[in-house]
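The values are calculated or read from the model by the stated rules, or taken from the named source; none is laboratory data. Just so we're clear, the structure is a prediction, and the values are computed from it rather than from any experiment. Glycine gets a Cβ as well: all are built from the backbone with ideal geometry, and neighbour counts include every protein chain shown. Heads up: the accessible areas ignore ligands, DNA and RNA and are worked out on the full protein's heavy atoms, side chains in. Shrake-Rupley method; radii C 1.70, N 1.55, O 1.52, S 1.80 Å.
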Amino acid sequence: MTHTLGHAPVDRTSRIRSIWRAAWDQGEVDALDNLLSPTYVRRRGPAGTAQDRDQLKDSIRAVREAFPDLHTDIEDVVEDGDRLAIRWRSTGRHTGTFLGVPPTGRPVEVSGATFARFDGAAVAEEWVTFDSRQLLEALGIITTAQRAAVDPDLVRGVHRKFITGVTVVTTDDDGSPRGLAVNAFSSISLDPPMVLVCVQRTSSTHPALHRASHLGISILAADQLDVAKTFASKADDKFAHLAWTPGAYGSPLIDGSCAQLEVEIGERLEAGSHTVFTGRVVSARHDDLAPLVYSGGGFFDISRTAPLPW
Ligand SMILES: Cc1cc2nc3c(=O)[nH]c(=O)nc-3n(C[C@H](O)[C@H](O)[C@H](O)COP(=O)(O)O)c2cc1C
């Protein structure tokens, strides 16, 4: 299809091909002024991630500094009225710092699609989509490839050597207390005070935790084995025969536990079969009670173990 720019008929596809080559492959980013309107907007990823023409030029410069031999093939172009869809594939060798990753010398290939909306002869808006995992994996930032599996029984045996306490992780689900037993609890940092818990996505408590702003963590005391069993079960109302108190931020906290935290949930990281909830500690207290200990699949009273000289 041809369009008129000034008086000359101009083919949109061939203009895109030549201006992309100038900008992306040769670094002549100002060539984009002949293609993109002054009010051009480039959208990528989640809503809100938008670039104007100058920001696009800056990011092309940054990509070319990291991948000086960058080359883009336009593999397919489909035109429909004032819309144009482009399927592209870029390759380049990583010889400069990119996304904070020092040069790896690795060849990188990324493919994606760009949807452009023309306003007359100029592109007013573009939506860009590409598989960023391809890029992150090539740079060694993430791994998606399956590795040779380690025997799960072996891994389980290793975990059984690691001694933990037992916590009950809770949340207020629109007025109903919800919770489960969790030993995958860890401090992340003291300043700022941050912790994490890992919760399996099949847990019936998981959806409530996912939509919550806060969660409670009660570290069970040595005499709360029955509480641990209740919260490790799938019982309908685990709080029915239990004394508990809402914390300052509304999270249910188990009475008689030896320590309690409330956490403002920060990130929800999907990892394997679990979600890792990280967050900032917003309230904390502890009592002079011995904690319940979980080791090798059994429960122990730490006050009956002998301290070692150290
Ligand atoms: C000592 C102990 C530690 C546990 N730790 C975790 C854990 O860290 N994360 C988890 O998702 N489940 C853990 N569980 C299992 C859950 O408590 C159990 O699956 C529970 O039935 C989930 O309840 P729900 O589905 O009602 O949420 C643990 C169980 C026990 C006995």
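Table for the structure above
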quantity	calculated
Top-ranked residue in the stretch 187-242 [being in a loop (DSSP other than H, G, I, E, B), open to solvent by less than 30 Å² (accessible area, probe 1.4 Å) and near the ligand (Cβ under 9 Å from one of its atoms); ranked as nearest to CYS258 (Cα to Cα)]	LYS238
Output for the stretch 154-176, where each listed residue is more than 10 Å from the ligand (Cβ to nearest atom) and under 27 Å from the mean Cα position of the chain (by Cα)	VAL155, ARG156, HIS159, THR170, THR171, ASP172, ASP173, ASP174
Verdict on VAL123 being within 16 Å of the ligand (Cβ to nearest atom) and either of a type outside the set (Phe, Trp, Tyr) or in contact with a Ser or Thr (Cβ under 7 Å, 6 or more places away or on another chain) (or both)	no
Candidates VAL263, VAL282, VAL293, filtered to the one that is within 28 Å of ARG160 (Cα to Cα), of a type in the set (Val, Ile, Thr) and more than 14 Å from the ligand (Cβ to nearest atom)	VAL263
Residues (part of a loop (DSSP other than H, G, I, E, B) and over 18 Å from ARG64 (Cβ atoms)) located in the stretch 79-138	GLY81, ASP82, GLY120, ALA121, ASP131
Number of the exception - VAL276 against (1) open to solvent by less than 20 Å² (accessible area, probe 1.4 Å); (2) within 13 Å of the ligand (Cβ to nearest atom)	(1)
Tabulated pairs, the stretch 49-61, first modelled with pLDDT of 95 or more, second in a loop (DSSP other than H, G, I, E, B), C-beta under 9 angstrom, 6+ apart or interchain	ILE60/GLY27; ILE60/LEU70; ARG61/GLY27
Residues located in the stretch 68-90, provided they are open to solvent by less than 50 Å² (accessible area, probe 1.4 Å) and under 26 Å from the mean Cα position of the chain (by Cα)	SER90
Residue match in the stretch 134-152 (condition: near the ligand (Cβ under 10 Å from one of its atoms) and of a type in the set (Gly, Ala, Ser))	no
Single unsatisfied condition, SER233 versus (1) in contact (Cβ under 8 Å) with a residue 40 or more places away in the chain; (2) closer than 17 Å to VAL166 by Cβ	(1)
Selection within the stretch 1-47 - modelled with pLDDT under 95 and either more than 19 Å from LEU84 (Cα to Cα) or in a loop (DSSP other than H, G, I, E, B) (or both)	MET1, GLY6, HIS7, ALA8, GLY45, PRO46, ALA47
Every pair of residues 6+ apart whose Cβ atoms lie under 6 Å, when the first sits in the stretch 135-158 and is modelled with pLDDT of 75 or more while the second is exposed (fewer than 10 other Cβ atoms within 10 Å of the Cβ)	GLU137/THR144
